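Read through the structure below, which is laid out as structure tokens, and then see the notes.
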Amino acid sequence: MYTRILVLRFPPEITDKPLVCSLAREFDLCFNILKAEILPGQEGLMVLELSGHKKHVSEGLKYLKAQGVKVKSVAQEIRRNDDICIHCGACTGICPTNALKIDPETQEVRFDPKMCKGCELCVVVCPVRAMEIRFAKEKALT
Amino acid sequence: MSKYAVQKSIQEINEKIKKGKAVVVTADEMVEIVREKGEKEAAKKVDVVTTGTFSPMCSSGAFINFGHSVPGIKASKVWLNGVPAYAGLAAVDIYIGCTEPREGDPLNKVYPGEFLYGGGHVIQDLVSGKPVLLEAEAYGTHCYPRKRLEKRVTLKDLPFAQLCNPRNAYQNYNCAVNVTTKTIYTYMGTLKPKMGNANYCTSGQLSPLFNDPYYKTIGMGTRIFLGGGIGYIVSHGTQHNPDVPRTEKGIPKRPSGTLMVLGDLKGMNSRYLVGVSILGYGCSLAVGIGVPIPILNEEIAMYTGVSDEDIVTQVVDYGLDYPMGKGKPLAEVTYKELRSGSIRVNGKEVPTSPLSSYARAKEIASKLKKWIEEGQFLLTEAQAPLPTVEG
């Protein structure tokens, strides 16, 4: 089983099309919608967990891209500003996927973008606002 | 006949420091030394143990004199980057407190509030050399006729700026949980319902007052690492309460001693003074403090050998009990358990997370160790003791 967490952006002209269900029907993929919203400019934003055979996942993504959907992995959209993180650990208790956890060796907070599901809980819990989520910023600009 | 087999004075230790011969270790290194060699040998070998803590510390702020302009002003209201400072001191003297939010902040009107900028952030900006907008209003007098002043100031321009924190370095603190069915937002961080997480906030075995639990070396006049520069303990802090239940080794099991500290802001570093925003609660300042403990005898060596497994704190419900002033703890846990990532409370496994940076506390203890080893930092004698209890 191959799993990826993706950020999908739907241009305004296709937000009314039922595209995601085709991933299950035509490509035998299992999806879990972690977040979905329509932005003020009518663009759609979705965070999706997609699992299945690797080949099917890549075919499914090809299909989405052909329909005009922009696809990025969550890891590309979320980063920690290491210059300002004070490694307190406040985020570690709130992170549901253990993407943020304390390294027992160094006692520093480790961030593993591959494990992040983009829930954004850490963003406001971080006392120094070190977590940066690009799709949130883009939302503010549209 | 003295009651101690090993006896050293602070003067003797300072002579060693000046010659570059003092043996300095961090508090976590001392745990192993005492364990392996015993208290007496440890006291013979080690001269100074350095401690460290880095955590949001409310009850922090700075006294600032912003200098007279022409014509002069007797400021009655002052803002720094829009954050109100207390001006009822003298014509151009103010105090900026770290928990003061920027004027116009939505606070908790949109719940939970984010409190993105406040007095702690102003202090961080000043220390990092950024210009800060100072605005002042006055009613005008014959000697100080000006009624309004607006200027950009940097820390360098200010004639006087002293960090003066009335309550820092809490000796132990609660571990917070939430037993209610809704998420709550507290100064102990965001607490998930039904004991979904537990937050704690001291640096444990590295924390200054755990290493001198009866304040036998720490007192008024003790020179310390403060915010990356030099500071002093000037008094016991507000809410200082040494008279709480203690373990056999004298470690308080509840919040107890506190320190009031002072130091020149101009010598400090914004890596160790960081403005923080606590969701739904307010803003504050994370302060870095390191206190050197002179190993005068084997009793002090024993105290500085304290480890996370010797330190106990109470688990307190911040959903119902704490707001209603009910002190009954749900459980007692050690810092070793807290640091392991989870604790058991009433049969439930609860994940733990710190609010205090152990990594940076260690960095502070190591930095202070280096200063002392290099002869840049001498120890001072306490000029008066802090209020304490019999050990």
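Key figures
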item	result
The range A:2-75, relative contact order in percent, only Cα pairs under 8 angstrom and at least six apart counted	45
GNM result for chain B, Cα springs below 10 Å: residue of B:GLY97, B:GLY61, B:GLY280 fluctuating most strongly	B:GLY280
Gyration tensor verdict on chain A (Cα atoms; rounded if a/c is under 1.5, prolate if a/b is larger than b/c, oblate otherwise)	oblate
Alpha-carbon centroids, the range A:53-128 and the range B:218-282: separation in whole Å	35
Set of lysines near B:LYS151 by C-alpha distance (under 18 Å), chain-local residues within fewer than 8 positions excluded	B:LYS74, B:LYS77, B:LYS130
Set of lysines with alpha-carbon distance to B:LYS194 below 19 Å, sequence-local pairs under 8 removed	B:LYS182, B:LYS326, B:LYS328, B:LYS348
Nearest-20 debye value, the protein assembly as shown charge dipole, Cβ charges on Lys, Arg, Asp, Glu	760
Sequence-separation-based contact order of the range A:77-141, relative, with Cα cut under 8 Å and 6+ spacing, percent	41
Under-5 Å amide H pairs with A:SER73, H placed in peptide plane, nonlocal only	A:VAL7
DSSP-defined antiparallel bridges as percent of all bridges, the protein assembly as shown, nearest 5	90
Averaged over A:125-132, number of beta-carbon atoms from partner chains that fall within 10 Å	5
Gyration tensor verdict on chain B (Cα atoms; rounded if a/c is under 1.5, prolate if a/b is larger than b/c, oblate otherwise)	oblate
Chain B - mean residue ellipticity at 222 nm from DSSP helices (-39,500 (n - 2.57) per run, n ≥ 4, rounded to 500)	-5000 deg cm²/dmol
Cβ neighbours within 10 Å from other chains - mean over A:79-88	4
Candidates B:GLU39, B:GLU248, B:GLU100: whichever shows maximal mean-square fluctuation once chain B is modelled as a Gaussian network with Cα springs under 10 Å	B:GLU248
Partnerless Cys - chain A, beta-carbon criterion under 4.7 Å	A:CYS21, A:CYS30, A:CYS85, A:CYS88, A:CYS95, A:CYS116, A:CYS119, A:CYS126
Mean Cα-pair separation over length for chain B, i.e. relative contact order, pairs under 8 Å, 6 or more apart, %	25
Other protein chain Cβ atoms within 10 Å, averaged over every residue that makes up B:274-286	3
Shape call, the protein assembly as shown: gyration tensor on alpha carbons, a/c limit 1.5	oblate
Burial ranking of peptide ranges B:66-76, B:307-317 (average Cβ count within 10 Å, highest at the top)	B:307-317, B:66-76
³J(HN,Hα) computed for each position of the range B:69-82 - Karplus, 6.51 cos²θ - 1.76 cosθ + 1.60, integer Hz, glycine/proline x	10, 10, x, x, 9, 9, 5, 10, 9, 9, 10, 10, 6, x
Amide H contacts of B:ARG246 (H built 1.01 Å from N, under 5 Å, at least 5 apart or other chain)	B:LYS253
Charge dipole (debye, nearest 20) of chain B; +1 at Cβ of Lys and Arg, -1 at Cβ of Asp and Glu	520
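Here, each number is a calculation from the coordinates, and none is a lab measurement. Please read these numbers as outputs of a predicted model, since none were measured by experiment. Don't worry about glycine lacking a Cβ; one is built from the backbone with ideal geometry, like all the others, and counts go over all protein chains shown.
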